[in-house]
Each structure stands twice: as structure tokens, then as C-alpha cells.
Amino acid sequence: MNLKNKDLVRQKFCGVEVFTQFLRSQFSEENIEFWLACEDFKTTESATKLQSKAKQIHAIFIDKEAPKEINIDHSTKATIEKNILKPTRSCFDAAQSKIYSLMKRDCYPRFLSSDIYLTLTKRAAPLFPFCLKHPIWFRFDETPPSKIRNVL
């Protein structure tokens with residue numbers, strides 16, 4: 001079955017939601033939330049909004065007192081703190097890449113063997129036979145959503 005680009009995009013975002021639910025159950029949702037915040041940040045056009053969002057991302061995920069502090073090394077944190085003084089769309093790229101690698105290496109394999117994922121694929125299989133060929137909609141070996149937004 002051939003899927004249209006819009007269907008693929010919708011499935012990816014559905015997959016992100018299920019993956020996020022799994023991460024919540026593992027008390028590590030800050031990783032996907034940070035990654036998604038960075039994806040949104042990269043689409044910001046206004047310099048004023050870029051500054052505001054950079055401060056917000058820093059306060060929520062990077063600061064040592066952040067409520068959802070992500071686990072990144074001191075050097076990456078220091079670079080971000082320097083970069084957000086005059087933020088660009090790429091000022092969180094190094095941290096986002098590290099978090100992406102962490103999710104790909106650690107969280108995602110656990111997700112694929114989790115009850116939430118296995119239950120979902122069993123329920124979806126009769127309704128969507130293509131799910132058996134493409135069992136998850138958020139994959140770490142595909143183009144990130146920020147690169148496919150133009151198909152919506």
C-alpha cells in the first residue's frame with residue numbers, strides 16, 4: 001500500500017505521541033520534550049521570539065535548576081549559555097543531537113519491547129496492514145520532522 005506524504009507525516013506525529021507516553025512512564029519525557037522544543041525553535045522567524053524561546057528552553061531544560069533538566073555535559077551547557085546571548089536557530093543543535101543519540105541508543109529500543117508499543121501494534125495491525133511493514137511511525141533512521149514539515 002502506498003501512503004501519501006501527509007499520511008506518513010501524521011503517522012510520525014502519532015508515533016511521537018506514543019513514544020512520549022512511554023517516556024513519561026519511564027520518567028524521562030524531558031528528552032523528547034526538549035527535542036520537540038528544539039524542532040519548534042528552529043522554525044522561529046522573529047529575532048524577538050527566538051530570544052524569548054531560547055530563554056524559555058534554557059530555563060526549562062538546561063539551567064541547573066531546570067524543572068526538566070536534560071542530561072548533557074558541562075561543555076555543551078556552557079556553549080548553549082554563551083550562544084543564547086545572541087541566539088540563532090542552531091544554538092541548541094549540539095545538545096539536541098546528544099539527546100537524539102541517547103533516545104536512539106537507549107530509550108527507543110526499550111520502547112520497541114514495551115507493553116504500550118506491543119499493544120498498539122497488535123491493535124493497529126488488523127486496521128492498518130501496512131503497520132506490519134512499517135511498525136513504528138517515529139523512527140530514528142529517517143528524516144526528522146523538521147525536514148518534512150513542508151508536505152503538510
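The values are calculated or read from the model by the stated rules, or taken from the named source; none is laboratory data. Everything numeric in this text was worked out from a predicted model, so none of it was measured. Because the Cβ atoms are built from the backbone with ideal geometry, glycine has one as well, and the counts that use them run over all protein chains shown. When the accessible area is computed, the model is the full protein with side chains, heavy atoms only, and any ligands, DNA or RNA have been set aside. Shrake-Rupley method; radii C 1.70, N 1.55, O 1.52, S 1.80 Å.
Observations
- In this structure, Gln56 and Arg105 have a Cβ-Cβ separation that, at R0 = 35 Å, corresponds to a calculated FRET efficiency of about 0.80.
- Spin-label pair Asp40-Lys68: with each label point 7 Å from Cα along the Cα-Cβ axis, the two points sit 0.8 nm from one another.
- Estimated at the nearest 10 Å², the accessible area of Asp93 is 60 Å² with a 1.4 Å probe.
- Note on Glu29: accessible area approximately 50 square angstrom, rounded to 10, probe 1.4 Å, nucleic acids and ligands left out.
- Taking a ≥ b ≥ c as the square roots of the eigenvalues of the alpha-carbon gyration tensor, region 59-105 is classed oblate because a/c is 1.5 or more while a/b is no larger than b/c.
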